[in-house]
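Student: Below: one structure in structure tokens.
The values are calculated or read from the model by the stated rules, or taken from the named source; none is laboratory data. Note that the structure is predicted; figures quoted are calculated from it, not measured. Glycine also receives a Cβ, built like all others from the backbone with ideal geometry; neighbour counts cover every protein chain displayed.
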């Protein structure tokens with residue numbers, strides 16, 4: 001097993017399969033989430049014991065907050081990725097310009 005874990009090809013295949021399995025599980029969770037929210041909302045109705053209504057309300061608020069935080073983090077990560085890509089492009093352009101300047105200086109003085 002240790003040998004396999006050092007094999008880049010195996011690791012790549014393993015990670016790909018792992019991501020796919022996680023994707024399937026997340027899809028199933030997302031499909032059930034509307035039903036779960038409906039169940040929580042039903043527990044907010046009058047006639048349900050107060051303790052259960054409070055727990056349902058807290059659960060809904062917690063999920064809403066976590067969802068908002070996840071959206072914020074996703075937006076920040078996207079912005080950082082875009083900034084990094086721009087900086088890398090600028091850096092590549094700078095390096096190409098520096099290489100061209102070096103080549104020109106060598107032509108001007110061949111020693």
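Student: Can you find a residue in region 13-31 that is over 30 Å from residue 56 (Cβ atoms) and not in a helix (DSSP H, G or I)?
Tutor: no
Student: Has region 79-98 got any residue that is modelled with pLDDT under 85 and either in contact with a strand residue (DSSP E or B) (Cβ under 7 Å, 6 or more places away or on another chain) or surrounded by fewer than 10 Cβ atoms within 10 Å (Cβ to Cβ) (or both)?
Tutor: Taking every residue of region 79-98 in turn, none turns out to be modelled with pLDDT under 85 and either in contact with a strand residue (DSSP E or B) (Cβ under 7 Å, 6 or more places away or on another chain) or surrounded by fewer than 10 Cβ atoms within 10 Å (Cβ to Cβ) (or both).
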